[in-house]
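Structure record follows, encoded as structure tokens.
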Amino acid sequence: MEELTNPMRQTNEQQDATAALRAQAGPYRVTLDAEGWPMIPGRYGRIEHHDGPSLAIYSESMRLLAKLVAAGARRHQIGDDEYRLLFERAALPTIAKVIVAQGGGRGRYTRAPGQMARLSARREATTGRASLLLATNSCHGALEQPAAIGTA
């Protein structure tokens, strides 16, 4: 029996769906699920390919159901703990905001160009002050060095 070394390949339908979702997604990150279908992951659910004119949202967050329906999604399958809604591609930005979809590395966690230099300088200054305080306290006998404990 021959072992499979390559992950599962996408079918033509999955490749077309991935290309269509990536074209529509804009700043949102498109990944593949375990079966090879495209999805946009979010904090409270995921946006999935459904068919040509519609997309689907899958979520287990029952609190957001009313907000998603108000944003333009229509009910498709609703269970006790999870649901799947359908919506038109034009409503993607609104739905993505509701489920807090993940962007492609851009957004609120980027740092300004000089911010990292300021943070590292502040950390070095704080570390330098701590070692200076440690040396000052050890001179007054308030804090003994570990080597001095064993020799006494």
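The values are calculated or read from the model by the stated rules, or taken from the named source; none is laboratory data. Note that the coordinates shown come from a computational prediction; the quantities given were computed from them, not determined experimentally. Please note: Cβ atoms are built from the backbone with ideal geometry, for glycine as well, and neighbour counts cover all protein chains shown.
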- request: Check Leu133, Leu65 and return the single one that is at pLDDT below 90, more than 26 Å from Ala23 (Cβ to Cβ) and of a type outside the set (D, E, K, R).
  value: Leu133
message: Here's a check for you: in the range 22-56, which residue that is in contact with a helix residue (DSSP H, G or I) (Cβ under 9 Å, 6 or more places away or on another chain) and of a type in the set (A, V, I, L, M) is modelled with the lowest pLDDT?
response: Ala25
field: Scope the range 28-68; condition of a type in the set (Val, Ile, Thr) and over 14 Å from Lys97 (Cβ atoms); matching residues
entry: Val30, Thr31
- request: Among the residues of the range 53-67, write down those that are part of a loop (DSSP other than H, G, I, E, B) and within 20 Å of Gly79 (Cβ to Cβ).
  value: Glu60, Ser61
message: I want to confirm something. Restricting to the range 7-52 and keeping residues that are part of a helix (DSSP H, G or I) and free of Cβ contacts under 8 Å to residues at least 12 places away in the same chain, which single residue is nearest to Leu92 (Cα to Cα)?
response: Ala23
